[in-house]
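Participant: First the structure, which I've put down as structure tokens, then a few questions once you've had a look.
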Amino acid sequence: MSRLTEISAGVLVATGDLYVTNSTIVADGSGGCLVIDPAVTVAELAGLAEDLRGLALRPRLGFATQAAWVWCWAISHPAMGRGSRSSGPCRRFSR
């Protein structure tokens, strides 16, 4: 997976190796962020989480644009923190 690249103020994108998917991060300006379609593989997800920690960004909301199993587990993965998650039929909100 490529490292996060800022494409606009507060908007970062990383491209995965598997399926060439994009993970999009939208920073809220106060240390939180929205994570859209996080990485697919365990290694890519770990790298994305490491990048977020390095940027002092804490996921507050994870959102998957696809209801596929891939994004369901990814937005629920512990590496993405305890923020709320939403993904169509596999919607899950943490406590």
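Computed from the coordinates by the stated procedures, all read-outs in this text should not be read as laboratory data. What you see is a predicted model; the values in this text were computed from it and never measured. No Cβ is skipped: glycine too gets one built from the backbone with ideal geometry, and neighbour counts run over all protein chains shown.
Participant: Give the range 51-63 a look and list any residue that's exposed (fewer than 13 other Cβ atoms within 10 Å of the Cβ) and charged (D, E, K, R), or say none. Steps first, please.
Facilitator: Just the residues of the range 51-63 that are exposed (fewer than 13 other Cβ atoms within 10 Å of the Cβ), to begin with: 53-54, 56.
Selection gives Arg53 alone.
Participant: Something else: Residues in the range 1-50 that are of a type in the set (Asp, Glu), touching a Leu at 6+ places or on another chain (Cβ under 9 Å) and buried (at least 18 other Cβ atoms within 10 Å of the Cβ): how many? Break it down stepwise before answering.
Facilitator: Within the range 1-50, the subset of a type in the set (Asp, Glu) is 6, 17, 28, 37, 44, 50.
Now restrict to residues that are touching a Leu at 6+ places or on another chain (Cβ under 9 Å): 6, 28, 44.
Next cut, buried (at least 18 other Cβ atoms within 10 Å of the Cβ) only: 44.
Total satisfying the criteria: 1.
Participant: Condition first: of a type outside the set (Asp, Glu) and part of a strand (DSSP E or B). Can you find one or more residues in the range 37-57 that meet it?
Facilitator: Within the range 37-57, the first condition is being of a type outside the set (Asp, Glu), and the residues that meet it are 38-43, 45-49, 52-57.
When the remaining residues are screened for being part of a strand (DSSP E or B), the result is none.
No; the residues of the range 37-57 include none that is of a type outside the set (Asp, Glu) and part of a strand (DSSP E or B).
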